[in-house]
Amino acid sequence: MNGPVSFFLDDREVTATPGESLWDVARREGTEIPHLCHTPKPGYRPDGNCRACMVEVEGERVLAAACIRQPQAGMRVSTGSPRVECARRTVFELLLADQPPRTQAHRLDTSFVHWCDHLGVSESPYPARKPPEPDRSHPAVAWFPDACIQCQLCVRACREVQHNDVIGMAYRGGNTRVIFDLDDRLAESTCVACGECVQACPTGALMESARVNRMGEGLPPAEKRVPSICPYCGVGCQLDFLVDDERIVAVEGRDGPSNHNRLCVKGRFGFDYIHHPQRLTRPLIRRDDAPKAGSGTVDPADPSSHFREASWEEALDVAANGFKKIRERDGGEALAGFGSAKGSNEEAYLVQKLVRTGFGTHNVDHCTRLCHASSVAALFEGIGSGAVTAPFTTCAESDVIIVTGSNTSANHPVAATFLKQAAVRGATLIVIDPRGVDLVAYAEHRLLFQPGSDVALLNAMLHVIIEEDLYDHAFVANRTEGFEELRTHIQPYRPETMAPICGIEAETIRRVARIYAGAKAAVIFWGMGISQHVHGTDNVRCLIALATICGQVGRPGTGLHPLRGQNNVQGASDAGLIPMFLPDYQSVEDAATRARYEQAWGVKLPAKRGLTVVEIIDAACGGRIKGLYVMGENPAMSDPDLNHARASLARLEHLVVQDLFLTETAFHADVVLPAAAWPEKEGTVTNTNRQVQMGRPAVAPPGEVRQDWWIVQQLARRLGLDWDYQGPADVYREMSSLMASLKHISWERLQREDSVTYPCPGPDEPGHEVVFWDRFPTASGRARLVPVDIIPPDELPDEKYPMVLITGRLLEHWHTGAMTRRSRALDAIEPEAAVSLAPADLARLELNAGDRVRVSTRRGTIQIPARADPRVPEGSLFIPFCYVEAAANLLTNPVLDPYGKIPEFKFCAAQVEDGS
Amino acid sequence: MVRARGRGKQRKLHPRGRSVEPAALEAVREVLGVEPLRRDLLIEYLHRIQAHYHHLSRLHLTALAAEMRLPMAEIYEVASFYAHFHIDSENPSLPVLRVCTSLPCMLASADTLLGQLRGQLSGRARVLPGSCMGRCDCAPVVAIDARYIVNASPQSVRTALDDRVEEPLPSATRYVAYVADGGYQLLQSCRIGKRPLTDILNKLEASGLRGLGGAGFPTAHKWRTVASAPGPRYMVVNADEGEPGTFKDRDYLAREPHRVLEGVLLAAWAVGAEKIYIYLRDEYPELYRLLAEELPAVIEAGLAPAGGVEVRRGAGAYICGEESAMLESIEGKRGLPRHRPPYVAEQGLFGRPTLVQNVETLYWLREILEQGAERFAALGLNGASGLRAYSVSGRVREPGVKRAPAGISARQLIDEYAGGMAEGHTFRAFLPGGASGGILPERLADLPLDFGSLDEHGCFVGSGALIVLSDQDDLSAVTRNLMAFFAHESCGQCTPCRVGTEKAAELLRAPVENEALLSELAEAMTNASICGLGQAAPNPVRSLYRFFRDDLM
């Protein structure tokens, strides 16, 4: 169908636009047609199997399913003829016959119940089958096949929307039923519990486990739903918090630009940490009889051994006075503050403003230092901006997609669904990673290279592209500088020479380089496998060179996209939680910039850049930093070489920690301030796609818990600042007046639209998703090509420590686990630390999966059970850093990338021994 | 109910889900060989693995999924859909013994035989009921793995279990003999332009040839539609006759495979098909071997390009005789019929325009184009065109494939072709078109058996499978047997068919009490099912109430 089509719907002439089904047109025209297997949500293909939406087309022998039938000119369609009524009623009666009685329904607010009531079908004349047994093996999702109507929505949800590929519809006829993998129990299947199927199920056959009682009966529907944003990763999924009696009882995805209703296991099932009994509800002050020690631990369930409760007044006074004393005695340079990429933009802005104006130092940083600092450094140097050049959804228009150093399906699960969708559509997906990450199942080319040899591999690709003259001459001539230096520099990096270093055959390197260079539109995604190295900045320089010499930037389907980690790491960086930059990456060493902010803030600013996260910890160890304010960060888990980091924290004269729980960092605190959790807050966050989005409070904070912005303001006032913000909206107005990036994105607009991409050309116009189409925001307007050499990882394996330790995250656990390990479902799915080894290494070490092993590096030792994982390359270990009981960062190497100051979390020499 | 074992405390030894066992991966690779794996050959791969290991173990399925880079669930969906695949059998070393329980075999006491074999052979075979095996003239039929025992008795089955002799190939007219008799000259003359396409199409139209798989779509019209669609185009031969009581295509292929193949190549030439797929039911392994012997000769002679004709085996699914379900199966998927529109002539195999023709339709091409279209057309009776093969089974003296004028009556077929009624049986009723064509009483046995001629009685001739019933048959039991067949063979995709056939089979236990409800259900199934299976499944129920009320009690 090429143009609009006129036809008759119940004798009324209507017009269908191309692509619209009869069902679509009817809905638009206000005629509700019952439907069970169909949903108009994005990504769901109509399937026409339930036969609830049957309509009669004049002249046709049988009825047609409206959801899947395209109108034709002149067609006469009846949505309520006697034949239609009979068929529809029979369909519902047939299905109802086998449903559990309504008094025992697993869910009541289903579309099946809705349509039964609508059609007046309350009982079925048909005999019932014997109900099949439920499967409640999984901590998050319960499966009640007795309510299943085989509509295949869950199959489409799992296989075509999220591409997790677990659910199938097996057998046939009356035996047709949903299966997981090879008809396995859900808990033993490859289910990642994204919950898309639960959200899609029209009968309550697939349920959130927590929404049914032991008998399988559904709990009453939630009272209200509050639109907000997911608190976990940088994808920034829009969601609804479902609230009942001041508790979040469930979460559903919303149609946000970065998620189209999709969520992952954390977003959907990881909301209950806010109701955890260990939640701090009153301020705490360290007891005089509880001295600090780096190795000291406190029971987060009962801090009374080390802390006493205090009033807000007292706690804020003690907190502020400690800083004031040091500031007056040692100067601002003895103070530092860590903001959080888990808070809102407004909070990030306030923290950096507090440190800069209240403490009088630029010693302010946050966990971006530990994730993408090297990416940002290289991007700034190369193209003048640290943010992504295009949203990850641009991959829908790519014909080649490179993903490197990113376990996307674990760390940005919803972004991964878009990548997989693009691969299914026909884009060539190239995964370049030492680990066989799950995404390789969709990759046409899988380059499982030697850990730490990124530059060798990427330089070899650059070599091929330049030597074989595959680069974009016009783009290189008009948009880049330094090409000749790069050309000269890259000559020795022949694939044949690099192959033994990176472990990828020269022919494969050539083929992949040619595919990338020859693409009409190619995009590069990367994660911390690229950035967390001593050569992290160099890695990214290579990626920038690849993209720019091939002209793969600035058009839809192209770009450079570092997948940002925390939900607001982009926003927190933009807001100035960086020691070298004021908001919008304006250098603190630039006098004009300082003058602008000094005028706005009414305070003189230091001219010297501050220290970064790891430098601050080092300085604390050395006694140069004496007071530290930590809002929502957990360096006692997230920093490298934790023994050193924890000892440094314990050495501090004054440590104030503001958090939800008594974190490992708070063990060493003098004052602990209980703060509100994200679902209790109003504020904006900026995701990896540069989309500024509005979060709204779903529930009130418990006990005496206060909002972060309020706490920061109280500290500021006690440090002599005359702040008087009435709420986040006031803060946002101030910051957006100072930040060009937020131009045309008002608080009110965000309240209205939920999400606006920056940069934005006008108050009523959408933001630019793809940037740098004509120039880069560098001084010359050109991209700067920076040739790099191979720098080996800092600590290479040797006889004593023969293996390579890689750290990272798990799908189920966020960062240091403070939130997710307090989420019932998430911790039940992954309750225990484990070190993953290649099966061959286990065999070589004469170990079995499940054995306890001792993993040691030059910095420490942990005891941890082993897991056999064929995705881990031989000679490597993988340990997630979220488990306090076997903290991976006790082992990691604190050596830093010289530009980004990011630690080498992805490579250190380690030893594994039988630990039993 | 399945409960978590020590919820949250079980140590995980592996990443989530099943892991591929290296030994299983090796085993699968060995069976599948070194050719790059193709998604559309999944069913073939499952056949090969099962042939080697006598079942499909989950270890092998896990490895196959990894090797093909397919979701495990997708493999399992396909493997579990087809009746001939056995996933994780308890006793894979035992032969699988399937007893046909479809109507012609039921009339020959297959249910008793099944019971006897179950009793006598436990521990020696995996005894299962099966659907129609296409040997209804020799009922009852029992399959032992891929061997078929006709006119089976407990004794003959036991004997066959012991002596594992491979069935001989059918005594077909082989390539050399066929060519010697003038075979493939028609095809050659078309290809060199001596018989122009327009002429062929006009002849075909004049012959009145219609699709003899059962739908009766005018063949010339179908060819024109496919030929005019943009390429690449495919041709698919439907050799999946699964309609109970139908065994004519087996007969054609067994006797004159090259006459069929010449028709295939001719049709492919006419529509400009790039590739030909022959979808053969798995119940005909002797034909699979025959074609494997004969096709190379055709290719060697340059009549078809190497790789231009693929023979695909089904795996035990009646629904795959439905043309769009068959295309899905050739693509390596479950046989779920597709929604129409689009029609397969426009969007068929792999989304391309596809000519789908039944074996018999192709068989007649040479006859028509050599002997004359008008002459062929005139052979029909009662306004029908040409000859066709009727599969006659049930209570007749000489069941079998009867080549007779199209439009012949059931009575004529019984009396003049099938030797009359079987000893001791009085003609009472008949099924004109297998399981789905409804049931008619003896008094309507003079109606012509042709497309459209039985419409007003709620019946159709379909694939021409005449099953004859006698005074000794209980029509309620017959109807229940048919409905059980449909319930077993429903693909399970749409509600009216998946749930409807099952509930109808249940309601038929009390046909008097449930008449109103069954009538309403029949109406909804016919109106709202996706494909012909669900639409036609209630036909015997309607016939039962309309013609055989005496049998309701």
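Values in this text are rule-based calculations from the coordinates and carry no lab data. Small disclaimer: the values here were computed from a predicted structure and weren't measured. Here the Cβ is made from the backbone with ideal geometry for all residues, glycine too, and neighbour counts use every protein chain on show.
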Task: Centroid-to-centroid separation of segment A:137-187 and segment A:711-786 [C-alpha atoms, Å] - done: 44
Task: Free-standing Cys, chain B [no other Cys Cβ under 4.7 Å] - done: B:Cys132, B:Cys136, B:Cys138, B:Cys190, B:Cys320, B:Cys459, B:Cys491, B:Cys494, B:Cys497, B:Cys531
Task: Inter-centroid distance (Cα atoms) of segment B:254-271 relative to segment A:494-541, Å - done: 54
- [ ] Between A:Ala128 and A:Glu58, take the C-beta separation as r, use R0 = 41 Å, and let me know the FRET efficiency to the nearest 0.05.
- [x] 0.65
Task: Charge dipole (debye, nearest 20) of segment B:15-81; +1 at Cβ of Lys and Arg, -1 at Cβ of Asp and Glu - done: 180
TODO: Can you put B:Leu103, A:Leu811 in order of Cβ neighbours within 10 angstrom, beginning with the fewest?
DONE: A:Leu811, B:Leu103
TODO: Only Cα pairs under 8 Å and at least 6 apart count here; give the relative contact order of chain B as a rounded whole percent.
DONE: 13
Task: Links that overshoot a 23 Å alpha carbon limit, given the list A:Lys324/A:Lys353; A:Lys130/B:Lys333; A:Lys130/B:Lys503; B:Lys222/B:Lys333 - done: A:Lys130/B:Lys333; B:Lys222/B:Lys333
TODO: Take every DSSP beta bridge whose two residues both sit in chain B, then give the antiparallel share in percent to the nearest 5.
DONE: 40
TODO: May I ask which residue of B:Ala378, B:Gly462, B:Leu94 lies farthest towards the positive end of the charge dipole of chain B, with charges of +1 (Lys, Arg) and -1 (Asp, Glu) on Cβ and the Cα centre as origin?
DONE: B:Leu94
Open item on the list: Using Cα-Cα distances under 8 Å and only pairs 6 or more residues apart, what relative contact order does chain A have, in percent?
Closed with: 14
TODO: Can you spot the lysines whose alpha carbon is less than 25 Å from A:Lys800's alpha carbon? Ignore those fewer than 8 places along the same chain.
DONE: A:Lys906
- [ ] Could you let me know the centre-to-centre spacing of segment B:285-335 and segment A:654-695, using Cα atoms, in angstrom?
- [x] 64
Task: Filter on A:Lys681/A:Lys743; A:Lys420/A:Lys901; A:Lys266/A:Lys681 - keep pairs with C-alpha separation over 30 Å - done: A:Lys420/A:Lys901
TODO: Select from segment A:454-554 those trypsin sites (Lys or Arg not before Pro) which occupy a DSSP coil region and have at most 13 other Cβ atoms within 10 Å, ordered by residue number.
DONE: A:Lys520
Open item on the list: If you take each beta carbon of peptide A:89-97 and count the beta carbons of other chains within 10 angstrom, what is the mean?
Closed with: 5
Open item on the list: Give the residue list of GluC sites (Glu not before Pro) in segment A:42-148 that are DSSP loop and have at most 14 other beta-carbon atoms within 10 angstrom.
Closed with: A:Glu58, A:Glu60, A:Glu123
TODO: Multiply the residue separation of A:Met215 and A:Thr861 by 0.36 nm, subtract the distance between their alpha-carbon atoms, and state the gained length in nm to one decimal.
DONE: 228.0 nm
Open item on the list: Along the charge dipole of chain A, pointing to its positive end and built from +1/-1 on Cβ of Lys, Arg, Asp and Glu, which listed residue (A:Ala334, A:Gly860, A:Ala52) has its Cα farthest out?
Closed with: A:Ala334
Task: Dimensionless Rg/Rh of the protein assembly as shown - Kirkwood Rh, Rg from C-alpha atoms - done: 1.03
Open item on the list: Please compute the modelled spin-label separation between A:Asn478 and A:Arg329, points set 7 Å along Cα→Cβ, answer in nm with one decimal.
Closed with: 6.3
Task: Cβ-based charge dipole, segment B:15-81, positive-most Cα from B:Leu64, B:Gly33, B:Ile43 - done: B:Leu64
- [ ] Pick out the long, greasy-scoring helices in chain B: whole DSSP H runs spanning 20 Å or more along their own axis by Cα, mean Kyte-Doolittle at least -0.5.
- [x] B:257-271, B:285-300, B:475-489
Task: Cross-link reach list, lysines versus B:Lys402, counting only Cα pairs under 20 Å and skipping chain neighbours closer than eight places - done: B:Lys248
Open item on the list: Given Cβ point charges of +1 (Lys, Arg) and -1 (Asp, Glu) and nothing else, what value in debye, to the nearest 20, does the dipole of segment B:475-552 about its Cα centre take?
Closed with: 120
- [ ] Treat each spin label as a single point 7 Å out from the Cα along the C-beta direction, and report the A:Ala301 to B:Leu387 distance in nm.
- [x] 8.8
Open item on the list: Testing the spin-label approximation: label points 7 Å from Cα along Cα→Cβ at A:Asp722 and A:Glu734. State their distance in nm.
Closed with: 1.3
Task: Contour excess over end-to-end distance, with Cα ends at A:Glu598 and A:Asp255 and 0.36 nm allotted per residue - done: 119.4 nm
Open item on the list: Looking only at chain A, where both bridge partners belong to it, what percent of the DSSP beta bridges are antiparallel (to the nearest 5)?
Closed with: 60
Open item on the list: Once R0 is set to 30 Å, what does the formula 1/(1 + (r/R0)^6) return for the Cβ-Cβ distance between A:Asp288 and A:Trp710, expressed as a FRET efficiency to the nearest 0.05?
Closed with: 0.60
TODO: Against the globular-protein guess of 2.2 N^0.38 Å, express the Cα radius of gyration of segment A:847-909 as a ratio, rounded to two decimals.
DONE: 1.21
Task: Shielding by partners, peptide A:75-87 (average Cβ within 10 angstrom, other chains) - done: 2
- [ ] Mind giving me the FRET efficiency for A:Asp584 and A:Arg308? R0 is 45 Å, r the Cβ-Cβ distance, nearest 0.05 is fine.
- [x] 0.60
Open item on the list: Highest mean first, how do A:324-337, B:84-97, A:158-171 rank when packing is the count of other Cβ atoms within 10 Å averaged over residues?
Closed with: A:158-171, A:324-337, B:84-97
Open item on the list: Nothing charged except the Cβ atoms of Lys and Arg (+1) and of Asp and Glu (-1): what's the magnitude of the dipole of chain B about its Cα centre? Round to the nearest 20 debye.
Closed with: 1800
TODO: Take peptide A:177-186, look around each residue's Cβ out to 10 angstrom, count Cβ atoms belonging to other protein chains, and average those counts.
DONE: 6
TODO: Hand me the GluC sites (Glu not before Pro) from segment A:852-916 located in a DSSP loop with no more than 16 other Cβ atoms within 10 Å, in residue order please.
DONE: A:Glu874
